[in-house]
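The values are calculated or read from the model by the stated rules, or taken from the named source; none is laboratory data. Since this is a predicted model, take the numbers as computed values, not measurements. Glycine gets a Cβ as well: all are built from the backbone with ideal geometry, and neighbour counts include every protein chain shown. Surface accessibility is based on the protein's heavy atoms, side chains included, excluding ligands, DNA and RNA. Shrake-Rupley method; radii C 1.70, N 1.55, O 1.52, S 1.80 Å.
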Amino acid sequence: MPHGSPDTGGGADESLGAITFEALGADPAASRRKKTLWLSVTATVGFLSVLGGTLLGYYMIKPNVTRENESNKGYDASQAPFTASVQTELGDPGQDWVMVLDRELTKGEARRLTSTKDPSVTLAYLKSLGGRLLTYASYLEHAPEKYKQWTSADSVELSGTFKLKLLSTRSAPVVIDDWQATDITCRPSSARTVVGYPSQGGVAYQGIRVHVPPRSGEPVLTDRDEGQGEPYFDTHVIELGNGQSSGALRVEAIASAGQTCEWSIKVHYVDAYQKEEWLQLKDSSGKTLRIRTESAPADPRQAWVFGAVPWTACHQKTEEPMCDSV
């Protein structure tokens, strides 16, 4: 059987090379040297083309990142700097407290009320009757004399205590460095009955205090440590945003004796975008935050105290010193 010539394969390779050169736009009849040179030039051009594309992509990264960062900053700055919410303190039955009700207790309710000395049972029962909780304001033993003189006019101060929570979804920092109580409206308390579980000694809690209407320098620190009774924002700020957890302050709000007040808070803030302004606190739905603060009625129809003394009906027996605490 005849075999093919050894040159047959070589001819096929040359034919394929000729087709390839022709497809790439080169002259298939050119000399081997020219073909080799042409291939070198083509390869170099191809490499430079790829390299140029890569370098262009690399140098475009920075402008693209810059534009993206600017866009993110713009979006961040357009968001509300923070929102606020108020959580009323539920009260610790074992600590001192006062409950007020808008009606007098019936004889049956009064008997049930005074049938136990357990403050937790009493607190739960009064809440079931619609009672509202007040707490004894912190005893500011180490406050400046000027501030203590202001508070000494009232034998006992009761506060509507709450936790003010502030939340910012911004990625950049927001700093609150001042506040004002605004839009204050007050009326006589509607309470008719007062029940007190007073302590025998004053206690200080960590947080701030403000009277409604506010006194000079308020809110002030109620902490046990140094600075008690001093203006809070003289030495503190509230930091939000930038991944921080929500800011929360325990606030003792003290209405004038015999008054129920509603009020709002305006705060001064500075953000990372060089913006600063006074802003009314609003809740998550965008509504202005309104806070209700009340004191005990000036002349309650019924008043009881217990704990440090046996159950005492102060509206019947006024010589008991503990009755001055409600």
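Among the residues in segment 113-128, are any of a type in the set (Phe, Trp, Tyr) and either under 31 Å from the mean Cα position of the chain (by Cα) or closer than 30 Å to residue 283 by Cβ (or both)?
Initially, segment 113-128 is screened for residues of a type in the set (Phe, Trp, Tyr), giving 125.
Subsequent filtering for residues that are either under 31 Å from the mean Cα position of the chain (by Cα) or closer than 30 Å to residue 283 by Cβ (or both) retains none.
No, segment 113-128 contains no residue that is of a type in the set (Phe, Trp, Tyr) and either under 31 Å from the mean Cα position of the chain (by Cα) or closer than 30 Å to residue 283 by Cβ (or both).
Looking at segment 281-305, which of its residues are in contact with a Gly (Cβ under 9 Å, 6 or more places away or on another chain) and of a type outside the set (Lys, Arg)? Even if it seems obvious, please write down each step before you answer.
If we filter segment 281-305 for residues that are in contact with a Gly (Cβ under 9 Å, 6 or more places away or on another chain), which is where we start, we get 291-299, 303-305.
Selection gives 291, 293, 294, 295, 296, 297, 298, 299, 303, 304, 305.
Hey, among the residues in segment 265-293 that are hydroxyl-bearing (Ser, Thr, Tyr) and surrounded by fewer than 17 Cβ atoms within 10 Å (Cβ to Cβ), which one's farthest from residue 231 (Cα to Cα)?
Looking only at segment 265-293, we keep the residues that are hydroxyl-bearing (Ser, Thr, Tyr), and these are 269, 273, 284-285, 288, 293.
Cutting the leftovers down to surrounded by fewer than 17 Cβ atoms within 10 Å (Cβ to Cβ) gives us 273, 284-285, 288.
Numbers: 273: 27, 284: 28, 285: 31, 288: 25 Å.
Top of the filtered list is 285.
Can you work out which of the residues in segment 125-166 that are among the aliphatic types (A, V, I, L, M), open to solvent by 30 Å² or more (accessible area, probe 1.4 Å) and at pLDDT below 90 is farthest from residue 324 (Cα to Cα)?
The selected residue is 153.
Could you list, in sequence order, the residues of segment 220-242 that are under 25 Å from residue 170 (Cα atoms) and open to solvent by 30 Å² or more (accessible area, probe 1.4 Å)? Talk me through it step by step, then tell me what you get.
Here is the first cut: in segment 220-242, the ones under 25 Å from residue 170 (Cα atoms) are 232-233, 235-242.
Matches in segment 220-242: 233, 235, 236, 237, 239, 242.
Identify, please: which residue in segment 188-211 is touching a Leu at 6+ places or on another chain (Cβ under 7 Å) and part of a loop (DSSP other than H, G, I, E, B) and is, among those, modelled with the lowest pLDDT? Write out each step before concluding.
Our first condition is that a residue be touching a Leu at 6+ places or on another chain (Cβ under 7 Å); within segment 188-211, this holds for 191-193, 195, 204, 207-208.
Imposing the further condition that a residue be part of a loop (DSSP other than H, G, I, E, B) reduces the set to 191-192, 204, 207.
Details: 191: 97, 192: 97, 204: 70, 207: 91.
It comes out as 204.
Would you check which residues across segment 243-264 are under 17 Å from the mean Cα position of the chain (by Cα), open to solvent by 10 Å² or more (accessible area, probe 1.4 Å) and either closer than 17 Å to residue 207 by Cβ or hydroxyl-bearing (Ser, Thr, Tyr) (or both) and list them?
Scanning segment 243-264 gives 245, 246, 247, 248, 249, 250.
Residues in segment 178-187: is at least one in a strand (DSSP E or B), among the aliphatic types (A, V, I, L, M) and closer than 18 Å to residue 221 by Cβ?
Yes, segment 178-187 has at least one match.
Within the set of pairs 6+ apart or on separate chains, which have a first residue in segment 233-253 that is touching a residue at least 60 places away in the same chain (Cβ under 8 Å), a second that is aromatic (Phe, Trp, Tyr) and assigned to a strand (DSSP E or B), and C-beta atoms under 6 Å apart?
Cβ pairs passing all conditions: 251/162.
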